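Bear in mind these aren't lab numbers, they're just calculated from the coordinates by the rules spelled out. Since this is a predicted model, take the numbers as computed values, not measurements. FYI the Cβ positions are ideal-geometry reconstructions off the backbone, even for glycines, and counts take in every protein chain you see.
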Amino acid sequence: MPELRDSSNHGSGKHTHHCKEYDSYARIFGLETEYGVSVTETDQSCDPGQVAMMMFAPVLSRSRTTNTYLENGSRLYLDVGSHPEYATAEARDPSDALVQDLAGESIMRQLVDNAQAQLRKTHGPNATIHLFKNNADSAGHSFGCHENYLVRRYVSLPAVNHQLLPFLVTRQIFTGAGLVNEHGFEITQRAMFLEDGVSSSTTRSRPMVNTRDEPHANPDEFRRLHVILGDSNRSQWATIMKLATTHLVLCVIEDAAKRGIDSGFEACSLSNPSAANQAMSTDLSCHRPVMALENIKLFRSAQQRFHANSSTDCDSAFVRYERNVQISNAETVSALEIQYLYWYIVAQFIEKHTGEIQASLPETSCLYVLNEWKHALDALNDGQIASLSDRVDWIAKHQLINQMSKRNPMLSSVQQREIDLNYHDITNGTIYPSLVHHKLMNTLVSDDAVQQALTRPPADTRAALRGTFIRCALRTGVSFSCDWTHLKTTVPVHGEAEINDPFDYRGDAQYAGLIESMKRSEV
Amino acid sequence: MPQQFAQSQHQNSDTSENQKQQCSEKMTSLRHQQDALDAVLDDISSTLETDAEEYVSSFVQKGGE
């Protein structure tokens with residue numbers, strides 16, 4: 001692992017030869033998902049920690065550790081507190097990150113199926129293991145779904161705080177997973193647990209963006225933005241959209257930082273990000289002006305400017321400020337108002353740089369993302385919230401709870417919480433599969449694609465090199481270890497290679513030599 | 001690659017013919033949607049027959065992040 005560095009916006013200061021993607025808008029995406037474990041219907045008491053160990057027994061017997069990397073380039077491990085965790089391999093496109101994340105779900109299901117069969121031999125024939133892809137248990141513990149974005153080093157941490165954080169907080173109106181708690185229903189699973197904005201702390205308090213600086217790349221060129229405020233999504237649309245829209249916003253921030261100009265997002269800087277996050281989470285209308293900004297005048301004048309521009313610039317196919325957005329005089333703003341301003345600035349930027357921005361995503365259409373984003377904002381703005389229930393997790397869940405309450409007015413708060421948890425139970429949950437089966441939840445990825453991703457990493461990042469190395473080691477029986485940037489063999493051949501450039505999927509001579517030595521050892 | 005997000009699909013065309021067709025499709029789809037929602041609610045009703053208290057209270061997770 002690269003040594004931890006201070007997270008300033010300066011690298012070592014050494015002149016380096018930049019990697020070829022440094023000057024483009026290309027991005028590396030990654031998702032780290034922590035899963036929660038519980039057991040029901042056992043004949044005798046059973047500790048979830050013990051169950052998590054049972055799940056990882058096959059991993060332990062293969063790797064002699066519960067922390068391993070797989071053929072598809074991902075990392076599978078048992079985290080502190082017996083959290084099964086899966087970190088996707090590096091992806092250049094949000095759709096690849098989604099497929100890799102779904103492969104992680106599938107791997108977890110296999111581990112649970114094995115463990116459940118074992119458990120039933122000792123704890124009764126009905127013993128059932130539940131694996132939750134969510135972020136909150138029933139006792140007030142929270143755990144994360146962390147997003148990683150490779151960002152150019154010249155983007156400063158204050159820029160992340162003032163220009164990105166308001167977006168991350170407010171995007172949850174279409175990416176939030178929804179939560180039933182003692183206060184009722186909230187848009188996000190995490191808002192009440194996050195106390196800091198941008199900080200390096202992880203234990204004393206939880207920040208929304210962690211500045212722990214492990215770029216897993218050349219630290220003079222890149223930082224790894226570690227976003228921890230997001231929810232775990234079941235919706236495939238929400239997973240792609242959270243990564244893709246964040247990427248587009250980061251493109252604008254990078255361009256402004258590079259050229260030493262304002263991005264325009266400064267107008268959205270929140271005066272208290274965690275208070276804004278909590279206020280957003282409880283405003284199911286998304287309309288109420290619940291967020292205080294550092295400079296409301298700047299925000300209102302930016303709104304006015306874009307509103308005026310859009311009246312004279314209607315020919316543009318996709319840059320059109322929403323006429324229905326009434327510009328208010330309130331001292332505070334709504335999540336929707338902030339999102340519309342982000343959307344407009346991004347749309348205007350893409351109009352100027354269409355080719356370059358499209359080139360940053362090998363597969364996903366940035367214009368389609370822009371349209372989907374706008375469609376979601378318009379639906380929320382126009383009161384058509386239900387129309388998003390096939391793609392937005394919190395809306396799907398909220399609709400089900402409302403409809404069930406109508407059907408059964410005696411529906412208790414515990415039953416509502418059961419519906420909430422069942423939605424995230426990837427092993428024995430029934431609600432999400434039922435929504436998909438009845439075509440009330442969109443899916444974007446075929447089962448075949450997920451099946452392939454169990455053993456196949458993204459082909460256009462260094463994950464391809466790691467995947468080939470692991471496949472080769474498993475086939476030849478060579479003892480190996482690896483992490484995100486290093487590959488090492490010990491018995492019978494000693495060798496190692498660094499894979500420090502996440503965009504390099506071909507490998508250098510050192511890597512080729514390592515693979516060659518492993519193949520020779522087989523003979 | 002999710003086809004909906006693939007690069008060949010950019011803009012939705014918005015001609016009036018398309019709008020009419022979309023409107024009629026929408027009506028049919030709304031009816032289907034209500035039937036589908038009822039079916040999902042039936043599934044939820046069966047789920048709720050299990051012990052909700054045990055299901056919820058047994059999920060206690062420590063640590064993480």
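Once label points are set 7 Å from the Cα along Cα→Cβ at both A:T443 and A:D483, what is their separation, rounded to one decimal in nm?
Modelled inter-label distance: 3.7 nm.
Read phi for every residue in region A:51-68 and hand back ³J(HN,Hα) as whole Hz from Karplus 6.51 cos²θ - 1.76 cosθ + 1.60, θ = phi - 60°, with x for Gly and Pro.
With the stated coefficients, region A:51-68 comes to 5, 4, 5, 4, 4, 8, 4, x, 5, 4, 6, 7, 10, 6, 7, 9, 10, 9 Hz.
Extending each Cα 7 Å along its Cβ direction at A:E356 and A:K297, get the distance between those two points in nm, one decimal.
For the pair A:E356/A:K297, the computed spacing is 3.3 nm.
Give me, ordered by chain and number, the residues 5 or more places off A:D220 or on other chains with an amide H under 5 Å from its own placed amide H.
Residues meeting the amide H criterion: A:S12.
Can you sort A:D47, A:D231, A:D483 so the residue with the fewest Cβ neighbours within 10 Å comes first? Kindly include the intermediate steps, with their values, before the conclusion.
Working: A:D47 11, A:D231 27, A:D483 15.
Taking fewest neighbouring Cβ atoms as first place, the list is A:D47, A:D483, A:D231.
Place a point 7 Å from Cα of A:H18 in the direction of its Cβ. Which residues in region A:242-257 have their backbone N less than 14 Å from it?
Backbone N within reach: A:254-257.
May I ask you to derive the FRET efficiency for A:A509 and A:D382 from their Cβ-Cβ distance with R0 = 56 Å, giving the value to the nearest 0.05? Walk me through the numbers before you get to the answer.
On the way: r = 58 Å, r/R0 = 1.04.
So the FRET efficiency works out to roughly 0.45.
Averaged across the residues of A:353-363, what count of C-beta atoms belonging to other chains lies within 10 Å of each residue's C-beta? Mind dumping the intermediate values first?
On the way: counts 0, 0, 0, 0, 0, 2, 0, 0, 2, 2, 5.
Mean partner shielding for this stretch: 1.
Using a Cα-Cα cut-off of under 19 Å, which aspartates and glutamates could be cross-linked to A:K519, ignoring same-chain neighbours fewer than 8 residues away?
A:K519 reaches A:E71, A:E496, A:E498, A:D508.
Across the residues of A:249-255, average count of Cβ atoms on other protein chains within 10 Å?
0
Using +1 at the C-beta of Lys and Arg and -1 at the C-beta of Asp and Glu, which of A:T354, A:L435, A:G513 has the Cα lying farthest in the positive direction of the dipole of chain A?
A:G513
To the nearest 20 Debye, how big is the dipole of region A:393-437 about its Cα centre, given +1 on the beta carbon of each Lys and Arg and -1 on that of each Asp and Glu?
Numbers: 4 positive and 4 negative charges, 42 e Å.
The dipole magnitude comes to about 200 debye.
On full extension of the chain, what length is gained from A:S412 through A:Q452, given 0.36 nm per residue of separation minus the C-alpha to C-alpha distance? Mind dumping the intermediate values first?
Numbers: separation 40, 0.36 × 40 = 14.40 nm, distance 4.21 nm.
Working it through step by step, the gained length comes to 10.2 nm.
Counting only other chains, and only Cβ atoms inside 10 Å, what mean value do you get across the residues of B:42-50?
Averaged over the peptide's residues, the number is 6.
So if each residue of separation counts as 0.36 nm, and I subtract the Cα-Cα distance between A:D220 and A:T490, what length gain in nm does that give? List each step's numbers first, then the result.
Values: separation 270, 0.36 × 270 = 97.20 nm, distance 3.09 nm.
Roughly 94.1 nm would be gained on extension.
Using a Förster distance of 56 angstrom, determine the FRET efficiency expected from the C-beta separation of A:N329 and A:E522, and round it to 0.05. All intermediate terms of the calculation are to be shown ahead of the outcome.
Working: r = 74 Å, r/R0 = 1.32.
The calculated FRET efficiency here is 0.15.
By a straight-distance test (C-alpha under 18 Å), which lysines pair with A:K20 as possible cross-link partners, with residues fewer than eight away in the same chain excluded?
Cα-Cα hits under 18 Å: A:K258.
At what distance in nm do the modelled label points of A:D47 and A:Y154 sit from each other, each positioned 7 Å from its Cα along Cα→Cβ?
Going from the A:D47 label point to the A:Y154 one covers 5.4 nm.
Which of the lysines could a cross-linker bridge to B:K26, judged by Cα under 19 Å and excluding same-chain residues fewer than eight apart?
A:K439
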